[in-house]
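What follows is calculated from the coordinates using simple rules that are stated; it is not laboratory data. What you see is a predicted model; the values in this text were computed from it and never measured. Here Cβ is always computed from backbone atoms with ideal geometry, including for glycine, and neighbour counts include all displayed protein chains.
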Amino acid sequence: MRMPDAFDRFLLVTLVLLGARVLPAAESSSVDSRTAAEQLKALNDQTIIQSSVWLDTEWDQYKHGAEETTWTLGGLWGSRISDRQDWAVRLKVPFVYDRSDEASGHADIGGIGDIEIATGTALRLSNSWRTGGGIELHADSASNPALSSNVWRLHSSWSIAHDVTNWLTLTPTAEYSHSVAEEHNVGSQRYLELSLPVTFILPYDWSIATRYKAKIDFENGDRWTHTVDLGVAKRLPSIPVVLSATLEKTFDGSDKKFQVNFTMTYYFQRQYG
């Protein structure tokens, strides 16, 4: 059975989120607006560290009928070092279902994907400026080579965030990745990604986020690729859960036609200094 069209799925998720209507008076009394805004911004801003667990469902549609669905169970534990600095560790465990293209007979493969573990820090420079970053290890740990990138890779990143207003945040980010070991004759990887996530906080604990990313592949003739994504998120009024949906499109002749994500994130209580 073929999975539904990605755009239909994205539209369905968006309509479900938009249908989660709650009376404004009830929302204002059940969740602090500052807490909700921080949790919504944390989806796309690594300078905000909040302990959380999440389940992300990602569907990738490729050319010639290939598809891949990934369910990622993740967790982040954060701790306050000082009044202005936080520290965190993060773990991601993916479960992957891969359906090959028409030429390969649409073979189905499923199993555990590559696990990622990371650590990082964030600093509050002022009421409206923050900075932070970290380093992540992408492990070649999949249960099947077909579900893996077949590399051990280090990924480092750094961001500067600015709350232009209480409803608009810009977070320019630089990320550098390089493989440290390769398997199954996979070539080495080395690339730089520059992105600009923008988050709009809306009334009643909604948000819209967009991001432009440029990737420079140093192992492929310094080739540039460009990605744009658009997402919507809702912080539930009675429990610290954020539901979000994102549609991503890669340009410049990529094999991937588009990507759809639906994420449920639960935030643990955080004490403000």
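Applied to the range 38-44, the Karplus parametrisation 6.51 cos²θ - 1.76 cosθ + 1.60 on θ = phi - 60° returns per-residue 3J(HN,Hα) values of 4, 5, 5, 5, 5, 4, 10 Hz, with x for Gly and Pro. For the range 86-233, the residue among A161, I135, I208 whose Cα projects farthest onto the positive side of the dipole built from Cβ charges is A161.
Here the Karplus curve 6.51 cos²θ - 1.76 cosθ + 1.60, taken at θ = phi - 60°, turns the phi angles of the range 191-203 into couplings of 8, 10, 10, 10, 9, 9, x, 10, 10, 10, 8, 9, x Hz, with x standing for Gly and Pro. Tell me, Kirkwood radius of the range 202-273 from alpha-carbon pair distances, in Å? Over the range 202-273, the inverse of the mean reciprocal pair distance is 14.7 Å. Working note: Karplus 6.51/-1.76/1.60 with θ = phi - 60° gives the range 83-93 the couplings 4, 10, 9, 10, 9, 8, 10, 9, 10, 10, 10 Hz, where Gly and Pro are set to x. Quick one: grab the alpha carbon gyration tensor of the range 60-129, order the square roots of its eigenvalues as a ≥ b ≥ c, and give me rounded if a/c is under 1.5, else prolate or oblate depending on whether a/b is larger than b/c. Cα axes put the range 60-129 in the prolate bin. Calculate the FRET efficiency for S238 and W71 from the Cβ-Cβ distance with a Förster distance of 22 Å, rounded to the nearest 0.05. The computed FRET efficiency comes out at 0.30. Cα centroids of the range 38-79 and the range 117-152: 12 Å apart. Every pair of different Cα atoms in the range 131-271 enters the Kirkwood calculation, which places the hydrodynamic radius at 17.4 Å.
The modelled label-to-label distance between T57 and N166, using points 7 Å beyond Cα along the C-beta direction, is 3.6 nm. A full extension of the chain between E183 and I81 corresponds to an added length of 32.8 nm, given 0.36 nm per residue minus the alpha carbon distance. Within a straight-line Cα-Cα reach of under 19 Å, K234 can be paired with the following aspartates and glutamates, leaving aside sequence neighbours fewer than 8 residues apart in one chain: E27, D32, E38, D45, D56, E58, D205, E248. Spacing of the modelled spin labels on E219 and H64, each 7 Å from Cα toward Cβ, amounts to 2.2 nm.
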